[in-house]
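Engineer: So that we are looking at the same thing, I have put the structure below in structure tokens.
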Amino acid sequence: MRNNVNMRRLFAYGSWYLLTSAAVILAACQTEEPNYAEQVLRNGRILTVDNDFSIAEALAIQGERIVAVGSDVDIEEQIGPDTRVIDLAGRTVIPGLIDNHMHFIRAVQRWNLQARIDGVNSKQQALDIMAAKAASMEPGEWLMVQGGWRENQFVDGPSGFTLEELDAAAPENPLFLQITYQSVYANSLALEAVGVSPDEGAYHRGPPLISGQPPYGLLNEQMPSVSQEQLERNLFDFIHELNRAGLTSVYDVGRPPEGDISLLERMSTADEPLPLRVWHTLKYEAYDSQGADAAVTLVQNSAPDNGDYLGLLGLGEHIYLPMFDNPGTTERYSDEIIDEFMKIATAAAEGGFQVHEHTMQDITVQSLLDRYEALNERIPLAPLRWTFIHVFSLSPESIERIRALDMTIAVHSVASLAEARVPLRDIQDGGVVWGLGTDATIVAHYQPFITLGWAVSGKNVSGNTVLDQTVSREEALIAHTRANAWLLFKEDDLGTLEAGKFADLVVLDRDYLTVPENEIFDIESVLTMVGGRIAYDAIGALDAASEE
């Protein structure tokens, strides 16, 4: 009898427990909202650039980061009533492109006075661009093409510009076109402004009109001062242009005469971050032993700060200015110069800084490797990801020594203008992490697809072969995305389109993997996102998404 009572009690309790649990579960199901994505991009060809270089159809974004990547069917469950859905209509998507070497702050300063002919392969088209810019300016305002071009890019006029052509393009504005820091073309109004007779012609080489040292010659000295308001407009206009080109991150490597970082520091405190991630180097100049000592003190009192949108990353590109490698360097720098260089480099290693050093010739790379290998015995360099940059020439022996130190290489398409034969295939096959950049905006263009076209085809924009060694499309894209993220210590956040990473991406107007090689140069972004925010939109993606 007692057992029967206990059984009835147990049954009653069990029934109550089951009913109560079911009610709780049912209530939870009724109140808990599905975790839908804020944005979904679907019906595309998404080159994730992950370790398998996998290709997906869709991805989902929550806040600033990607939360899922897969097929359209996989991502369908991420779409809720408030999800913004962007139909890619079959377009190709790549990770946001990263430039590992740009003089960004310098370019901002005079952006409003610029006409840009980067990548233009027709002289007449270049003249039309200058004429259109001049027509938009007030009479007497200075107009400049501050680098990013060479005569050899024009298929219809590699001999350069005549005085008559430049006078016709800008009849009421002083105009000059700078080629690196070596030569310049100018119209009559510009020449007269600096006391040079137009009878001497449009072309002038070297000082006093153009110089490799600040203030960069008489013509650059004529540039008007820039108000703070204009500087802020220039910043947003230049960032917009880089977003249009497909860039979402840059590494600024300028010295103090090129401007300081305060503008970015001020603007980056806004509630909505700037639509470009900018890392920069420590700003100083060291011309002698005393300057090197001051640089060491500065390094010792500073620390890397690798923020998500703005950060101090390292030292470069000239950590000691007497060691200024160039295409004509044929001899090793003296021990005295390298000693001063290493004084600063050692302080950088002790402080955890990356060194990003301008090295065009293999003989300079070898000189530094001798010292770096010795320093590595005391301070491991692998965690610091020190980088050789430009490397117009590089021997297989040097590549192997770089690999052994776990250093990186930054290759720049300025070489395409200089027709330098960078050994890309040797670098790729040598097992070194290497990335692509430009060295924009004076000695090189800023468009990443010109860089990618050069690396893949071995040609410049005029179709002339300027490389003996090339890489595949996949290898080149990795170098402009995933590898550069590694160089910037951001491999966990950038460089690929994977769940957990920032939604920095570019939607292309044509398929990078299948267009003819000569069309890679002309690929354009139709939509650029930085941290999930639309920074550039040429297809009305926002409007189309709001209509769904």
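Every number here is computed from the coordinates shown, using simple stated rules; none is lab data. Fair warning: this is a prediction, and the values are worked out from it, not measured in the lab. Heads up, the Cβs are rebuilt from the backbone with ideal geometry, glycines too, and the neighbour counts pull from every protein chain shown.
Engineer: Among bridges DSSP assigns within the stretch 223-371, what percent are antiparallel (round to 5)?
Structural biologist: That works out to approximately 10 percent antiparallel.
Engineer: Let me ask you something else. Got the relative contact order for the stretch 232-494 handy, in percent, Cα pairs under 8 Å and 6 or more residues apart?
Structural biologist: Here the relative contact order equals 13 percent.
Engineer: Using a cut-off of under 18 Å, list every residue of the stretch 455-477 whose amide N is near the label point 7 Å from the Cα of R510 along the Cα-to-beta-carbon line.
Structural biologist: 455-464, 473-474, 477, by backbone N distance to the label point.
Engineer: If the chain between S289 and S302 were fully stretched, how many nm would it gain, using 0.36 nm times the residue separation less the Cα-Cα distance? Please report the intermediate quantities before stating the final value.
Structural biologist: Working: separation 13, 0.36 × 13 = 4.68 nm, distance 2.00 nm.
Residue separation times 0.36 nm, minus the Cα-Cα distance, leaves 2.7 nm.
Engineer: In addition: What is the antiparallel percent of DSSP beta bridges lying wholly in the chain, to the nearest 5?
Structural biologist: Approximately 45 percent, going by the DSSP bridge assignments.
Engineer: Moving on. Per DSSP H run of at least 4 residues, take -39500 (n - 2.57); add these up for the chain, divide by its residues and hand me the 222 nm value, nearest 500 deg cm²/dmol.
Structural biologist: -10000 deg cm²/dmol
Engineer: Another one. Can you run phi through the Karplus equation (6.51, -1.76, 1.60; θ = phi - 60°) for the stretch 291-305 and list ³J(HN,Hα) in whole Hz, with x for Gly and Pro?
Structural biologist: x, 5, 4, 5, 5, 4, 4, 4, 4, 5, 9, 10, 8, x, 9
Engineer: OK, next. With 10 Å bins from zero, work out the P(r) of the stretch 111-221 over every alpha carbon pair and list the percent per bin.
Structural biologist: Reading upward from the zero bin: 16, 53, 31, 1.
Engineer: Relative to the longest principal axis of the chain, what angle (0 to 90°, nearest 10) does the C-alpha long axis of helix 335-350 take?
Structural biologist: For 335-350 against the chain, the angle is about 20 degrees.
Engineer: Which angle from 0 to 90°, rounded to the nearest 10, does the C-alpha axis of helix 228-245 make with the longest principal axis of the chain?
Structural biologist: With rounding to tens, the tilt is 70 degrees.
Engineer: Same structure again: For the stretch 372-465, divide the Cα radius of gyration by the Kirkwood radius and give the resulting Rg/Rh value with two decimals.
Structural biologist: Details: Rg = 14.4 Å, Rh = 14.0 Å.
Rounded to two decimals, Rg/Rh equals 1.02.
Engineer: Using Cα atoms only, what is the angle between the long axis of helix 362-376 and the major principal axis of the chain, expressed in degrees (0 to 90) to the nearest 10?
Structural biologist: Value to nearest ten degrees: 50.
Engineer: Please work out how many pairs of lysine residues in the chain are eight or more positions apart (or on different chains) and have Cα atoms closer than 26 angstrom.
Structural biologist: Lysine pairs satisfying the spacing and distance rule in the chain number 5.
Engineer: Roughly how compact is the stretch 80-174, stated as its Cα Rg over 2.2 N^0.38 Å to two decimals?
Structural biologist: Here the Cα radius of gyration is 1.52 times the empirical estimate.
Engineer: If we count other beta carbons within 10 Å of each Cβ, what is the order of S334, S122, S525, fewest first?
Structural biologist: S334, S122, S525
Engineer: How high is the relative contact order of the stretch 35-80? Use alpha-carbon pairs under 8 Å, at least six apart in sequence, and give a whole percent.
Structural biologist: Once normalised by length, the contact order is 40 percent.
Engineer: Regarding the chain, what whole-number volume in Å³ per residue does the convex hull of its Cα atoms give? Mind showing how you got there, number by number?
Structural biologist: Values: hull volume 110.7 nm³, N = 548.
Hull volume over Cα atoms, normalised by residue count, gives 202 Å³.
Engineer: For the stretch 232-494, what is the percent of antiparallel DSSP beta bridges, rounded to the nearest 5?
Structural biologist: In the stretch 232-494, DSSP labels about 10 percent of beta bridges as antiparallel.
Engineer: Still on this structure, please answer the following. Please list the non-local residues whose amide H lies under 5 Å from the amide H of G435, H modeled 1.01 Å from N, same-chain partners needing a gap of 5 or more.
Structural biologist: Under 5 Å from the amide H of G435: I409, A410, V411.
Engineer: For the chain, what is the relative contact order in percent, using Cα pairs closer than 8 Å and at least 6 residues apart in sequence?
Structural biologist: Values: 1153 pairs, mean separation 97.7, N = 548.
Relative contact order here is 18 percent.
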